[in-house]
Amino acid sequence: MRYSIKEGMLSWLLHRLTGIGIFIFLIIHVMGAIYLKIGPEEWNHHVELFNTPFFRVAEVGLMGAILWHGLNGLRIIIIDFSGIRTSHFAKFLFWIIVFLTILLMLPGTYILLKPLFEGVAG
Amino acid sequence: MSYKKVPGTFAWWFQRISGSFLIILIFIHFIDVHFIFGVENLEYETVAEKWNKPFWRIMDALMLVFGMIHGANGIESILLDYKKIRKYKAYWFFFIRAISAVTIIIGSWIIVTFSPEEGSVAKYESPVAEMRDESGSHE
Ligand code: HEM
């Protein structure tokens, strides 16, 4: 499907980049889970990494990528199956998912970064 | 354009169906890891408790399988956009599929065969666990 509008180009490019990024993340994430089979201490040492400021900030990025990709994927599905091919409809949905991504990022970012300001994360 | 994963092909349908499942699975995963447990409480013990229920093993396995096949399928459709890559399509596809297959096998192996080591859990005192115990937020 092609929607030759600039929002369409941007959402298409972001969909690709986030798709590739999540794919690479998922592979690393599963490899990290091997520590579960190595032993409790090794696993516990591994997950402490997620608690560091660097990983908490990186997780905000991961959450944004997954939210964008997932909502934009939903947008593509809606356009495909609704049969509505006007660029006006595609643009309308584009701004809805921009809004939803930001809306969901707010509580998500708060949850992920809150411990940084409470001195829990090391 | 017959090389493309165009509407109507299996790949096209799979991408839409797995995508719909993934949005639900990943949403539950986020709630579970970040609201119910919290990233600071992901110790071995927590995983053992969670995977005590087959339901969660099944959820995690579904996420793994759908995610990896959806991702591989997506990467393949990106690769098909490049003329130079199309020439060696068979090799690229083999490479991508091999990576996904290995990841699915390793992931499934962990999910299916994980069984907590008897007695080894309590012995370990992570700094995070100590902090958690002090704040008394978890039993
Ligand atoms: C959160 C739920 C998700 C939804 C709703 C979703 C939806 C979609 C849809 C509908 C497409 C097809 C786009 C098209 O045919 O033009 C797609 C492509 C893709 N997805 Fe997902 N997806 C999700 C999660 C993921 C995950 C977890 C990964 C990585 C493992 C991923 C990686 C990709 C890639 C690489 C593409 C190809 C992009 C392209 O062709 O430009 N997606 N996604």
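The values are calculated or read from the model by the stated rules, or taken from the named source; none is laboratory data. All of these numbers come straight from a predicted model, not from anything done at the bench. So basically every Cβ, Gly included, is an ideal-geometry build from the backbone, and we count neighbours across all protein chains shown. Protein only, heavy atoms only, side chains kept; ligands, DNA and RNA dropped before computing areas. Shrake-Rupley method; radii C 1.70, N 1.55, O 1.52, S 1.80 Å.
Looking only at the stretch B:1-42, count how many residues are open to solvent by 50 Å² or more (accessible area, probe 1.4 Å), over 13 Å from A:GLY73 (Cα atoms), in a helix (DSSP H, G or I) and in contact (Cβ under 8 Å) with a residue 24 or more places away in the chain. Matching residues across the stretch B:1-42 total 4.
In this entry, A:LEU93 passes the filter for residues that are more than 11 Å from chain B (Cβ to nearest Cβ), open to solvent by less than 60 Å² (accessible area, probe 1.4 Å) and touching a helix residue (DSSP H, G or I) at 6+ places or on another chain (Cβ under 8 Å).
Give me the residue from the stretch A:48-59 that is touching a helix residue (DSSP H, G or I) at 6+ places or on another chain (Cβ under 9 Å) and in contact (Cβ under 8 Å) with a residue 12 or more places away in the chain and, out of that set, nearest to the ligand (Cβ to nearest atom). Residue satisfying both the conditions and the ranking: A:GLU59.
Is it the case that the stretch A:31-39 has a residue that's more than 9 Å from the ligand (Cβ to nearest atom), in contact with a Phe, Trp or Tyr (Cβ under 6 Å, 6 or more places away or on another chain) and of a type in the set (Ser, Thr, Tyr)? Yes, the stretch A:31-39 contains at least one residue that is more than 9 Å from the ligand (Cβ to nearest atom), in contact with a Phe, Trp or Tyr (Cβ under 6 Å, 6 or more places away or on another chain) and of a type in the set (Ser, Thr, Tyr).
Return a yes/no flag: does the stretch B:43-60 have any residue that is within 11 Å of the ligand (Cβ to nearest atom) and among the hydrophobic types (A, V, I, L, M, F, W, C). No - not one qualifying residue is present in the stretch B:43-60.
For the stretch A:60-97, the set of residues classified as of a type in the set (D, E, K, R) and within 15 Å of the ligand (Cβ to nearest atom) consists of A:ARG75, A:ASP80, A:ARG85, listed by residue number. List the residue pairs whose Cβ atoms are under 9 Å apart, where the first residue sits in the stretch A:65-84 and is within 10 Å of chain B (Cβ to nearest Cβ), the second is among the charged types (D, E, K, R), and the two are 6 or more positions apart or on different chains. That search, which allows pairs on different chains as well, returns A:GLY73/B:ARG16; A:ILE76/B:ARG16; A:ILE77/B:ARG16; A:ASP80/B:ARG16; A:PHE81/B:ARG16.
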